[in-house]
Structures are given as structure tokens and as C-alpha cells.
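To start, the structure under review is shown below, and the notes come after it.
FYI, it's all coordinate maths here, none of it is from the lab. Values in this document were obtained by computation on a predicted structure and should not be read as measured data. Heads up, the Cβs are rebuilt from the backbone with ideal geometry, glycines too, and the neighbour counts pull from every protein chain shown.
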Amino acid sequence: MNQKQRQRLGSAIASTILSYAALSLVGVDKAQAAVLTYNFQVEKGGGSGFFKFSDSSLTGIGYEKIAVGEGRFNTPIRVYENDYDLAGAIALFNQGNFRGLQASGVEYATREEERGGTDYIKFQSRATWYMGTEEASNLVWASYFWGYRETTVSNRERYLGSGRTIISSARVSYSLVDTAPEPVPEPITAGGTALALAGLSWLKHKQKMAA
């Protein structure tokens, strides 16, 4: 093997080592990520629920937002029986510390009941709510909930009445209930990839020698 061939082989080995080191660093970053699960409770009978998100994108610097991956909210401010789906809501962080949730929901429904002939009773319902988090004062953060639900009743001739549920400025409290490591590739995956890169580098080296 002459000097030029030894230089090419050395370059191939160095390239493989750098590739393996890069893969190892990626594995370390992912191993530090976790899936956090929070429960929350809304005062004044506003309801309760849970949500989950991964902190893999969290830097701990300044004001950050992370999308919720899974969550449900059971509240009386609703039209249908199902809980609200919180996937896509926003978890707010400041300097790496969880501060609260930012979420909202809206529902509408109309239902009619026949009462003989052309008469009927119509129920028109709507519900809307918002949960926000902000810095109140002196670095103290707080979450509050606002919700409104109304059902109006009428027939063919006139308006018959309505029922309302209003919740205003209800404090929201949170509790961390689970911290699970985010799934990461098995160590053999990184090793196998590195071996594949080594094989590819060696193959290219042999092809160049043959030429």
C-alpha cells in the first residue's frame, strides 16, 4: 500500500469515526427528553382534566411554547357529552419552568322536538371557553378560565326562555403526575448505522484502488 492509498484509508476511517460520534450525540439529546403528564383543576366548578407533552424542544431560555400531544377537559361549559380534546393546546414555559396552559373551545348545536301537527320545540345551544396563562405581577404567573354556555328554547310562535352557565376568572391549578422518558432508538441502532457507514467508506476506498 503506497502513501496515497494509506491517506485515503485514513480519511475513510476518520469519516466513519466522526459519523459515529454525531450519532452518539443525537442519542444523548433524545435520551434527555421526557413526556410530562399534568392534571389540572378549575375552580368554581369549571371542571378538570389532564394533558401530556414532550419537553424535547425545550431550551430553558426565555418564553417558550410547546404543543400538547394528548389531553382531555371535562367541563360543564359544553353542548355535547364528550370531553374537549386538548391536543394542540399550548403549554407555556418561562426560563424552563412550566407556567400553565393556553387553550380554548367552542360548540354549537340545534335540536327540535315535534309536538304534534306543525308545532315543535327548538333548543339552540352554544358554549365557548378560554384558558389563559400570564405573568400577573412580580414574576408571579397565574392561569384563569372563562366560560359561557346558553340554551334558548322556542316554538313556532315565540321564544320560551333560556338557561345560562357563566364561569368567570376561575383560577386553574396544575399538578405534575408523571415524567416518562421519551422512547429512544436501541444502542444497537446507532452501532449498526456506524458499521454501515464504515462498510460504505471501505467500499468506496476499494473502488478507487481498483480504478
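What length, rounded to one decimal in nm, is gained on full extension from residue 82 through to residue 173, with 0.36 nm per residue of separation minus their alpha-carbon distance? Don't skip to the answer; put the middle values down first.
Details: separation 91, 0.36 × 91 = 32.76 nm, distance 2.24 nm.
Additional length available on full extension: 30.5 nm.
What's the center-to-center distance, using Cα atoms, between the range 49-108 and the range 130-152 in Å?
If we compute the Cα centre of each part, the gap is 13 Å.
Give the whole-number value, in cubic angstrom per residue, of the convex hull volume spanned by the C-alpha atoms of the range 113-180. Each step should come with its number before you reach the end.
Details: hull volume 9.3 nm³, N = 68.
Taking the convex hull of the Cα positions in the range 113-180, it is 137 Å³ per residue.
Aspartates and glutamates near residue 122 by alpha-carbon distance under 20 Å, same-chain residues fewer than 8 away left out - which ones?
Qualifying aspartates and glutamates at Cα under 20 Å: 81, 107, 112, 113, 114, 150, 157.
Please name which of 80, 123, 142 has its Cα lying farthest along the dipole of the range 62-164 towards the positive end, using unit charges on Cβ (Lys, Arg +1; Asp, Glu -1) and the Cα centre as origin.
123
How many times 2.2 N^0.38 Å is the alpha carbon radius of gyration of the range 25-132? Present the calculation step by step, with values, prior to reporting the outcome.
Values: Rg = 19.7 Å, N = 108, 2.2 N^0.38 = 13.0 Å.
That works out to 1.51 for the range 25-132.
Rounded to the nearest 0.05, what FRET efficiency is calculated for residue 157 and residue 72 with R0 set to 41 Å and r the Cβ-Cβ distance?
On the way: r = 41 Å, r/R0 = 1.00.
The calculated FRET efficiency here is 0.50.
Lys and Arg at +1, Asp and Glu at -1: add these up for the other residues within a Cβ distance under 13 Å of residue 161 and post the number. Write down the numbers at each step before the final one.
Working: positive: 122, 158, 164; negative: 150.
That sum, taken over residues with Cβ under 13 Å, equals +2.
Pick out, in residue order, every one of the trypsin sites (Lys or Arg not before Pro) in the range 59-164 that is DSSP loop and has at most 10 other C-beta atoms within 10 Å; say none if there are none. Intermediate values should be presented prior to the final figure.
Details: sites: 65, 72, 78, 99, 111, 115, 122, 126, 149, 156, 158, 164; in loops: 78, 115, 156, 158.
The qualifying sites are 158.
With only Lys, Arg, Asp and Glu charged, each at its Cβ (+1 for the first two, -1 for the last two), find how big the charge dipole of the range 122-187 is about the Cα centre; round to the nearest 20 debye.
Details: 7 positive and 7 negative charges, 175 e Å.
Roughly 840 debye, rounded to the nearest 20.
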